[in-house]
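Single-structure report; data block below.
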């Protein structure tokens, strides 16, 4: 076997040393990146980047403390962990229709809420229990001892549940409450919905308006407005506009 030329042997050794140095540099870079990632993870989960400053905007009926607790921010969690769960938690509160949760680095969270609007009062069962304030979707916003002044009273086939629940039996009644025209809206004292989803208006003038279903509401409202304006009605009369083409006034 012929001896290897010293120059070739030296060249091979240099190549091996170069490859070893390259592998060492790569290993050091990888270790550095891993170290930075680990350090960054610990830093982001440290108290320096926790949700320590919470700002709530738009809340009128919901206490700030309830909103902070519902968002899961009472214990000042890491800011990096604040996300969709916080938004969902706030939107489960009775009064909250929509919520936006924004992280403000390094230690802040801004919660902007859009609250619902009460449109009617619902009598609880038993009658001594008080009233439930509901919005246009039937969402129960609050329980109160007395009905809110200026709002119509509605009644369905089932009692309302606790705040945050939805009174499904009031769908038709609430559609009427939120769509009745100004021409006679102030005359409406209460609205009832039966098991067939038919709706009846009880006016402050001791007149009753039977709307029936919520079909053709515009035509039915026009009939009611015309009759109230032009007819000499006796106390206790019933205006039946279930068939808007042929409205009837019953004594």
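Where a number appears in this text, it was derived from the coordinates with a stated rule and is not lab data. A quick note: this is a predicted structure, and the numbers were derived from the prediction, not measured.
Helical runs assigned H by DSSP (4 residues or longer) give the chain a calculated mean residue ellipticity at 222 nm of -10000 deg cm²/dmol, each run adding -39500 (n - 2.57) before division by the residue total. In the chain, the DSSP beta bridges split such that about 70 percent are antiparallel, to the nearest 5. Diffusion coefficient (Stokes-Einstein, Kirkwood radius over C-alpha pairs, 25 °C, 0.890 mPa s) for the range 49-115: 216 µm²/s, rounded to a whole number.
Counting only alpha carbon atoms, the long axis of helix 6-44 and the longest principal axis of the chain meet at about 30°. So in the range 193-244, what percent of DSSP beta bridges are antiparallel if you round to the nearest 5? The antiparallel proportion sits near 60 percent.
Relative to the globular-protein estimate of 2.2 N^0.38 Å, the Cα radius of gyration of the chain stands at 1.91. Note on the range 120-250: along the principal axes its Cα atoms extend 42, 26, 23 Å, ordered by decreasing extent.
Counting only alpha carbon atoms, the long axis of helix 217-230 and the longest principal axis of the chain meet at about 30°.
Note: relative contact order over the chain, using C-alpha pairs below 8 Å and six or more positions apart, is 10 percent. Largest GNM mean-square fluctuation across 185, 97, 196, computed for the chain with C-alpha springs under 10 Å, falls on 196. Under a 10 Å cutoff between Cα atoms, tell me which one of 30, 180, 90 has the largest fluctuation in the Gaussian network model of the chain. Comparing 30, 180, 90 in a Gaussian network model of the chain, the most mobile one is 30. Using the Kirkwood radius over Cα pairs, work out the Stokes-Einstein diffusion coefficient for the range 193-245 at 10 °C and 1.306 mPa s, in µm²/s as a whole number. My calculation gives 140 µm²/s for D. On full extension, the segment bounded by residue 8 and residue 84 gains 20.9 nm, given 0.36 nm per residue less the C-alpha separation. Residues considered: 151, 228, 141. Largest GNM mean-square fluctuation over the chain, using C-alpha springs under 10 Å, is found at 228.
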